[in-house]
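A.B. asks: My questions all concern the structure below.
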Amino acid sequence: MKILILNGPNLNLLGIREPEFYGYQTLADLEQLLMIQAVNAGIEVVFAQSNHEGVLIDWLHQAFFEQFSGVILNPGAYTHYSYAIRDAIASIPIPVVEVHLSDIASREAFRQHSVIAEVVVARFSGNQFQSYGEALQFLIERGNEE
Ligand code: DQA
């Protein structure tokens with residue numbers, strides 16, 4: 001089993017960026033934690049991050065062509081308005097899980113709506129790094145059931 005963990009714009013600045021919302025740990029710290037979880041579960045994870053919408057779309061397509069079992073995606077602010085990312089998710093027949101560090105449902109009005117919610121298989125939000133851990137666990141269990 002091979003899972004792509006894809007992070008969108010500004011998530012490369014974790015640890016620096018608005019720590020009151022996103023904490024003091026870095027993207028490298030997050031990836032290390034998820035790598036440990038993956039190794040313990042005996043699965044493979046690949047990490048990618050881009051600040052560019054089209055690059056995120058290319059990664060989603062690539063995940064399908066390279067036969068990944070699923071994708072964990074934090075699209076950052078694209079969550080709230082990128083119909084192109086929404087369509088990319090709908091275009092690939094592999095499960096995509098939406099994650100957010102912060103609780104987008106309790107923040108500014110513009111963050112409360114996700115245009116990708118309808119096309120993902122599950123959503124985990126508001127538990128900081130644990131949101132990703134829950135998403136990974138979800139895909140591992142889903143894979144085991146198949
Ligand atoms: C975020 C929430 C988004 O609203 C924001 O634009 C981000 C991060 C989160 O992980 O909480 O970049 O996706």
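A.B. asks: Which of the residues that make up segment 32-58 are within 16 Å of the ligand (Cβ to nearest atom), of a type outside the set (D, E) and open to solvent by 30 Å² or more (accessible area, probe 1.4 Å)?
C.D. replies: Answer for segment 32-58, where residues must be within 16 Å of the ligand (Cβ to nearest atom), of a type outside the set (D, E) and open to solvent by 30 Å² or more (accessible area, probe 1.4 Å): L33, F47, Q49, N51, H52, V55.
A.B. asks: So T79 ticks every box in (1) within 9 Å of the ligand (Cβ to nearest atom); (2) open to solvent by 10 Å² or more (accessible area, probe 1.4 Å); (3) not aliphatic (A, V, I, L, M) but one. Which box is left unticked?
C.D. replies: Among (1) within 9 Å of the ligand (Cβ to nearest atom); (2) open to solvent by 10 Å² or more (accessible area, probe 1.4 Å); (3) not aliphatic (A, V, I, L, M), the lone unmet condition for T79 is (2).
A.B. asks: What are the residue pairs meeting all of these: first residue in segment 1-27, first residue touching a residue at least 40 places away in the same chain (Cβ under 8 Å), second residue among the charged types (D, E, K, R) and open to solvent by 80 Å² or more (accessible area, probe 1.4 Å), Cβ atoms under 6 Å, and 6 or more apart or on different chains?
C.D. replies: That search, which allows pairs on different chains as well, returns K2/E44.
A.B. asks: Of all residues in segment 90-115, which are in contact (Cβ under 8 Å) with a residue 24 or more places away in the chain and away from the ligand (no atom under 11 Å from the Cβ)?
C.D. replies: Of everything in segment 90-115, those that are in contact (Cβ under 8 Å) with a residue 24 or more places away in the chain and away from the ligand (no atom under 11 Å from the Cβ) turn out to be A90, S91, I92, P93, I94, P95, V96, V97, V115.
A.B. asks: Take segment 1-33 and flag every residue that is in a loop (DSSP other than H, G, I, E, B) and hydroxyl-bearing (S, T, Y).
C.D. replies: Y24, T26
The values are calculated or read from the model by the stated rules, or taken from the named source; none is laboratory data. What you are looking at is a predicted structure, and each value in this text was computed from that prediction instead of being measured. Don't worry about glycine lacking a Cβ; one is built from the backbone with ideal geometry, like all the others, and counts go over all protein chains shown. Areas reflect the complete protein model, heavy atoms only, side chains present, ligands, DNA and RNA absent. Shrake-Rupley method; radii C 1.70, N 1.55, O 1.52, S 1.80 Å.
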